[in-house]
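Inspection log for the structure reproduced underneath, given as structure tokens.
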Amino acid sequence: MRNNSYKVLLILITNNKGNMKKIIMGLTVLLFSTVSANAVSLPSFTENLSLTAGLAANQGVFGGTAKETNRDDSDVIKRVNKESGVFTDSYTSQFIELGLGQWISLGYEHTPDSISTPQNVNSGRGVDTAKVSVDFNELNTTYVKLNMPFMSGLYVKAGSVETDLDIKETMASGSTYKNVSTSGSMMGVGYQTYFKETGFGLRFEGSYMEFDNVSTSNGVAADGATAANSGQNLVDASNLEGLAGKLAVTYTFGRN
């Protein structure tokens, strides 16, 4: 019965990565509903709980496509630029996991560092007219982690990600782009090892992140152009994704 439940859970996560919040919430409700219905076995249940905290160093490769639509002060589209790019950045993160027995953990990871793109410069007639870069702030991940029964230490994980995009720009018109937020999904695979019988361990992990499309503008409506604001600048970002490698130091409380 345990193996069948494990296989069903793995299939659900693989096929529904876009609904990870609902899956995680459902697992939590199911877990505590089961505990409530079997209160007599609560001591044995709590004995199987563990808590893992970790500090990680990450190296990521990120990419995306941006389309910029510029209107003039007559509300006429004068230029459309579309570019795709890739950049790398390193960052730290912190995570905590609640282990629910031998196979399943629920986790939350927070990235205090900004993940920053290189500065992009749009020039006109030999003069810099705009400089733009983006910081991905408050990257947070909620996930389910499954330990593989056929190889000790190997695990897979899947979850949802959220981040705020802080758009930093210097524009000749004096306009600024609005900051936006986006969310998405992630999945990864890793290996956990421990130092002998202690709670200290090391974790190696690779993951893939995919974010929803976002749009932002300089605050000017499509029909609100004037000579003073120089018209609307609209940016549509798509195909936002990333690959990350992680090395983490962990400590597990309640390790059996």
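The values are calculated or read from the model by the stated rules, or taken from the named source; none is laboratory data. Just so you know, these numbers come straight off a predicted model, no measurement behind them. Cβ sites come from the backbone with ideal geometry, for glycine too, and all protein chains shown count toward neighbours.
Which one of these is assigned to a loop (DSSP other than H, G, I, E, B) and either under 13 Å from the mean Cα position of the chain (by Cα) or crowded, with 16+ Cβ neighbours inside 10 Å (or both): TYR155, TYR208, TYR177?
Among TYR155, TYR208, TYR177, only TYR177 is assigned to a loop (DSSP other than H, G, I, E, B) and either under 13 Å from the mean Cα position of the chain (by Cα) or crowded, with 16+ Cβ neighbours inside 10 Å (or both).
Any chance you could count how many residues in segment 182-205 are out of contact with any Lys or Arg (no Cβ under 9 Å at 6 or more places or on another chain) and assigned to a loop (DSSP other than H, G, I, E, B)?
Residues flagged as out of contact with any Lys or Arg (no Cβ under 9 Å at 6 or more places or on another chain) and assigned to a loop (DSSP other than H, G, I, E, B) within segment 182-205 amount to 2.
Residues in segment 64-91 that are in a strand (DSSP E or B) and either surrounded by 14 or more Cβ atoms within 10 Å (Cβ to Cβ) or in contact with a helix residue (DSSP H, G or I) (Cβ under 7 Å, 6 or more places away or on another chain) (or both): how many?
Within segment 64-91, residues that are in a strand (DSSP E or B) and either surrounded by 14 or more Cβ atoms within 10 Å (Cβ to Cβ) or in contact with a helix residue (DSSP H, G or I) (Cβ under 7 Å, 6 or more places away or on another chain) (or both) number 11.
Being of a type outside the set (Val, Ile, Thr) and at pLDDT below 85 is the filter here; which residues of segment 102-160 pass it? Before the answer, list the steps.
Our first condition is that a residue be of a type outside the set (Val, Ile, Thr); within segment 102-160, this holds for 102-103, 105-110, 112-114, 116, 118-120, 122-126, 128, 130-131, 133, 135-140, 143, 145-155, 157-160.
Once the filter is applied, which keeps residues that are of a type outside the set (Val, Ile, Thr) and at pLDDT below 85, segment 102-160 yields PRO118, GLN119, ASN120, ASN122, SER123, GLY124, ARG125, GLY126, ASP128, ALA130, LYS131, SER133.
Only one of (1) farther than 24 Å from GLN119 by Cα; (2) modelled with pLDDT under 90 fails for SER84. Which number is that?
(1)
Suppose the filter is closer than 25 Å to VAL86 by Cβ and either modelled with pLDDT under 95 or touching a Phe, Trp or Tyr at 6+ places or on another chain (Cβ under 7 Å) (or both); does ALA172 pass it? Full working, then the answer.
Values: closer than 25 Å to VAL86 by Cβ: no; either modelled with pLDDT under 95 or touching a Phe, Trp or Tyr at 6+ places or on another chain (Cβ under 7 Å) (or both): yes.
Here the answer is no, as ALA172 does not meet what is asked.
Is it the case, given these coordinates, that PHE195 is modelled with pLDDT of 95 or more and exposed (fewer than 15 other Cβ atoms within 10 Å of the Cβ)?
Values: modelled with pLDDT of 95 or more: no; exposed (fewer than 15 other Cβ atoms within 10 Å of the Cβ): yes.
Here the answer is no, as PHE195 does not meet what is asked.
Give segment 70-119 a look and list any residue that's touching a residue at least 60 places away in the same chain (Cβ under 8 Å) and closer than 18 Å to ALA244 by Cα, or say none.
Passing the criteria: SER93, PHE95.
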